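*Asks:* Starting off with a structure, shown below.
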Amino acid sequence: ISECLVGSEMCIRDRCKTKAKNARVKRQRDACRELFIEQQLPVSEIAKTVYAEELSGNVRANKRKTPEEAENQVRKNLVGYPAFKHKVDDDLRAGKGAPFVLRCMEEGVLSAEQIIQRCRELGIMPKK
């Protein structure tokens, strides 16, 4: 019986840890999106803000991030977001220099190839 209790206690502990981790990841993801889209902060500043703990070294070694890893995580959090994709599409359709798309390219969130591909999918010819 004691072995079963230990096993079930481990499951409860792991479930609690998973819930906490999922909540933290969601907060970080949402913060990345808000700071980039609404507040228009650069990726490097978002990474420093959102992943401050992971960058500080005050966490276990397997949870630490380098600045590059933190910035790449910010970019990853953005490209999978439907509102981000809609903003890109709206910017491309509007023409007028597509300032949001240009910012995404400058920040390394989107590549020129990705923009060209998206223009093709939307039936828009990119301006030269």
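Derivation of every value follows stated rules applied to the coordinates shown; laboratory data play no part. All of these numbers come straight from a predicted model, not from anything done at the bench. Note that each Cβ is placed from the backbone with ideal geometry, even for glycine, and that neighbours are counted across all protein chains shown.
*Asks:* Given a Förster distance of 41 angstrom, what is the FRET efficiency for Met105 paired with Arg24, based on the Cβ-Cβ distance and rounded to 0.05?
*Replies:* Values: r = 30 Å, r/R0 = 0.73.
The calculated FRET efficiency here is 0.85.
*Asks:* Now for a separate question. With the Cα gyration tensor of the stretch 21-60 giving a ≥ b ≥ c as the square roots of its eigenvalues, does the rule (a/c under 1.5 for rounded; else a/b larger than b/c for prolate; else oblate) give rounded, prolate or oblate? It would help to have the intermediate numbers written out before the result.
*Replies:* On the way: a/c = 4.33, a/b = 1.40, b/c = 3.09.
Oblate shape, in that a/c is at least 1.5 and b/c is the bigger or equal ratio.
*Asks:* Which shape class, rounded, prolate or oblate, goes with the stretch 80-128 when its Cα gyration tensor gives a ≥ b ≥ c as root eigenvalues, a/c under 1.5 marks rounded, and past that a/b bigger than b/c marks prolate?
*Replies:* On the way: a/c = 1.32, a/b = 1.18, b/c = 1.12.
It comes out rounded by the Cα gyration axes.
*Asks:* Now for a separate question. Taking a threshold of 24 Å on the Cα-Cα distance, which of the pairs Lys26/Lys48; Lys26/Lys63; Lys76/Lys96 fall above it? Kindly include the intermediate steps, with their values, before the conclusion.
*Replies:* Values: Lys26/Lys48 17 Å; Lys26/Lys63 16 Å; Lys76/Lys96 27 Å.
Flagged as over cut-off: Lys76/Lys96.
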